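The values are calculated or read from the model by the stated rules, or taken from the named source; none is laboratory data. Quick caveat, the model's predicted, so the values are computed rather than measured. So basically every Cβ, Gly included, is an ideal-geometry build from the backbone, and we count neighbours across all protein chains shown.
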Amino acid sequence: MDLEWTVFVKRKGNSEAVLLATFQRPSAVSATASDFGLSIAEARQLLVELQRSVAQDQICAYDARRRCCRHCGAYRQIKDWRPRTIASGLGEVHVRVPRVVSCLCLPEPPDDDDEPVELRYSECPIDRLVPRGRTPEVSYLCARHGSSVSYRSAAQIVADDMTGLRTLCHATLRKETVGESGPKLGQTEPPGKADDGE
Ligand SMILES: [Zn+2]
């Protein structure tokens, strides 16, 4: 009889467990050395699923906390959900993000059609979380390697070897190296660790 494992992830306080992966191996009698443990491909796929699940759940929780208007407290409707790809240190994360209809509690000047300006706008609550579509960890890696080798080589190092991102434009490396991430190059740890306790 084959051995089988099922991996779930569950947020504390949330009753729903999400299936991440299942693994199968031959029984101990027929197993070979190549059946021992997880393969690199299996482990990477598990990390991808874990990252996607955590990120999507985080987006939903973050949205729920910010759904009510911060001025009047009115519940705001979701206009739609849109797919978005975020570059993370564990590769691309494909998630769905909500667009929330802005509240009309504050008087706004009418536009050319005499509609309140805010009526035409919606906001994405997670823009505050990942404003540039990539995590600070990816920005840090870009800036770190972009300062030591060519931008194209650094893009390949960060994308292929470190994060598994399928594409990373050399222009992104240049932007992170000479832009906002540049002054942080002196730090020795990635932003997630370096910012702890602030
Ligand atoms: Zn309001």
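Below is a table of values for the structure above.
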{"read-out": "Out of Val95, Val117, Val130, Val100, sole residue that is modelled with pLDDT of 80 or more and more than 11 Å from the chain's Cα centre (by Cα)", "value": "Val100"}
{"read-out": "Selection from the range 1-24 of residues that are under 21 Å from the mean Cα position of the chain (by Cα) and either at positive phi or assigned to a strand (DSSP E or B) (or both)", "value": "Val7, Phe8, Val9, Lys10, Ala17, Val18, Leu19, Leu20, Ala21"}
{"read-out": "Scan of the range 25-60 for residues that are of a type in the set (Val, Ile, Thr) and within 25 Å of the chain's Cα centre (by Cα), ordered by number", "value": "Ile40, Val48, Val54, Ile59"}
{"read-out": "Residue pairs meeting the criteria (Cβ under 6 Å; at least 6 apart or on separate chains; first near the ligand (Cβ under 10 Å from one of its atoms) and of a type in the set (Gly, Ala, Ser), in the range 67-90; second at pLDDT below 90 and not in a strand (DSSP E or B))", "value": "Ala74/Cys103"}
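For every residue, the table says whether it meets (1) modelled with pLDDT under 80; (2) of a type in the set (A, V, I, L, M, F, W, C); (3) not in a helix (DSSP H, G or I).
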position: Val138; (1), (2), (3): no, yes, no
position: Leu141; (1), (2), (3): no, yes, no
position: Met162; (1), (2), (3): yes, yes, no
position: Thr167; (1), (2), (3): yes, no, yes
position: Glu198; (1), (2), (3): yes, no, yes
